[in-house]
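So the structure is just underneath, and the comments pick up after that.
Any read-out appearing in this document is the output of simple, stated calculations on the displayed coordinates, not a laboratory observation. Being a predicted model, the structure only gives us computed values, none of them experimental. Here the Cβ is made from the backbone with ideal geometry for all residues, glycine too, and neighbour counts use every protein chain on show.
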Amino acid sequence: MNRETVTTKLQAGMDRWQNTFEDMMHLRSSNTHTFKDNYWAQTGFDELRRYVKQGSDFSKELATILQERVEAELYYSKCLSKLGAKLGKACRESVGSCVEAWKHVSIEMEKRAEIHRNYSNAVHEELVKPMKNVIDNQQKLRKKIEGNVDKTTRTLTEWRTVEAKNKKLSHTAARENEKLQDLGLDGR
């Protein structure tokens, strides 16, 4: 089986996965209105951060699962190849009417092993590696953005603290001014 055929089959499988993934996201978003309801609220960025973190965690878990699948396919391929080689060796040393049939089984096992090896390599190269790159890039970008937002939030909090302090001082000064004005009017 050539690489194009494997890629075509992988693409068909990914289309099914994409549909399933979209269905899962639809169910997930229809059951939780928290993000949509709170996005513009005071805690909107925290909701967004939590939502993005959940997506990142899901992506990491999916990449791990796919990597385990790659390893399982590779292991299965090696075992199948080893069994095919043993069967082929046994057939070369034997004679009889069923030997030809078992030789074909041995050849078929070798072919299947190659298919699983190619599938494993294709999944690793076309899914796992790009997915890990996307996850890493998004995590770097997310950390940078969250750092900027946290810094801006601290600055805003400091400004609001100073504003509240100055408001209190202004209110105290205004009351003091009113008292002095009242005393000035009473003194006339």
Task: Condition met for Ser106 (under 43 Å from the mean Cα position of the chain (by Cα), part of a helix (DSSP H, G or I) and under 30 Å from Met131 (Cβ atoms)) - done: no
TODO: Report yes if Ala174 is within 41 Å of the chain's Cα centre (by Cα) and part of a helix (DSSP H, G or I), otherwise no.
DONE: no
Open item on the list: So if I check each of Arg142, Arg154, which one is in contact (Cβ under 8 Å) with a residue 60 or more places away in the chain, within 23 Å of Tyr51 (Cβ to Cβ) and in a helix (DSSP H, G or I)?
Closed with: Arg142
Task: Members of region 48-78 found to be without any contact (Cβ under 8 Å) to a residue 24 or more places away in the chain, under 22 Å from Ser120 (Cα atoms) and aromatic (Phe, Trp, Tyr), listed by number - done: Phe58, Tyr75
Open item on the list: Among the residues in region 116-135, are any touching an Asp or Glu at 6+ places or on another chain (Cβ under 8 Å), in a helix (DSSP H, G or I), surrounded by 14 or more Cβ atoms within 10 Å (Cβ to Cβ) and of a type in the set (Ser, Thr, Tyr)?
Closed with: yes
TODO: Scan Lys89, Lys78, Lys53, Lys60 and give me the residue that is over 34 Å from the mean Cα position of the chain (by Cα) and of a type in the set (D, E, K, R).
DONE: Lys89
